[in-house]
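Taking it in order: structure first as structure tokens, then the write-up.
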Amino acid sequence: MHVVFSLLPLVAATLAVPQFLPQLVRLRRTGQTAGVSWSWAALTSVNNAAWFGYFLLSGFWTALVPAISAALLAGALAVMLARRGAPVPRRATTLTLAWTALLITAAGLLGRTGLGTALTVAFLLQVTPSVWTAYRAEDTTGISAGTWLLIFGELLCWGIFGIYQTDPRLIVLGSTGVAASLLILARMAAPHAPVAVTPAAPLPVARASCEQSPPGATIGRRHREVPSSPDVIGDPT
């Protein structure tokens, strides 16, 4: 069993390296950004750069490649989303910069322990905008299921490995990642929001071809329509 658990970081790395490629390909092919959060992409890039430092300090060598890969590809995704017109809120930009400064400060002052403590809540902070955006959007045409399936597989591996190593940071990372992935996939499987249909205006009632005439005129007209025949009406003999 030790061999199996020791291979989990390698499996996670294999799933993580191409993780954002399906989302990048979908965005480039369709141009659709519906349901995709810029904040999620930006925070993912920052957090994976921090995880690279944490794995480096922890000696998890197999995790270095996926961490730097996710940092670069998520950063590229954030740039593409901004160029394709996805909302980039000022508050989200400020939060991303502040969070980056906090991670740098924690690593500089407290080293691996401080960085790991900050990263305990990093993934929750990272995926919250993605879930929020997906569930508020009218449709999810911009989201790639392939990316979230890879995220699910990678973080499931890290969660199990964290339990094996009794590393609370990896346990939190794995559990929040699995939960967020399932929420996004469930939203994609849900029907799209119904499109409001404006009821058509009622057609005008056709007016009668002949307007109603006064009773006297009607009787007179009917009287004139009765043919006169000498066989029916004649002179008295």
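Quick notes on this one:
- The range 2-189: relative contact order as a whole-number percent, Cα under 8 Å and 6+ apart: 34 percent
- When Thr105, Thr133 are arranged by Cβ crowding within 10 Å, least crowded first, meaning fewest neighbours, the order is Thr105, Thr133.
- Distance between modelled label sites at Leu64 and Ala179, nm, 7 Å Cα→Cβ extension: 3.3 nm
- Here the extension length gained between Leu57 and Arg28 equals 6.8 nm, from 0.36 nm per residue of separation less the Cα-Cα distance.
- Length gained when the stretch Ile104-Arg91 is fully extended (0.36 nm per residue, less Cα-Cα span): 2.7 nm
- Label reach from Ile163 (point 7 Å along Cα→C-beta): in the range 30-70, no amide nitrogen lies under 11 Å.
- Counting neighbouring beta carbons within 10 Å and listing from fewest to most, the residues Met1, Met188 come out as Met1, Met188.
- In a fully extended conformation the segment linking Ser6 and Arg84 would gain 24.0 nm over its present Cα-Cα distance, using 0.36 nm per residue.
- With K and R counted +1 and D and E -1, the other residues having a Cβ less than 11 Å from that of Ile143 yield a net charge of +1.
- Per-residue Cβ neighbour counts within 10 Å put Trp148, Trp158, Trp61 in the sequence Trp61, Trp148, Trp158, beginning with the fewest.
- Mean Cβ count within 10 Å, highest first, over the residues of peptides 33-45, 8-20: 33-45, 8-20
- Each residue of the range 21-28 was assigned a 3J(HN,Hα) from its phi angle through the Karplus expression (A = 6.51, B = -1.76, C = 1.60, θ = phi - 60°), giving 5, x, 5, 5, 5, 5, 5, 5 Hz with x at Gly and Pro.
None of the figures in this text is laboratory data; all of them are computed from the coordinates on show. Small disclaimer: the values here were computed from a predicted structure and weren't measured. Quick reminder, even Gly has a Cβ in these numbers, built from the backbone with ideal geometry, and neighbours come from all protein chains shown.
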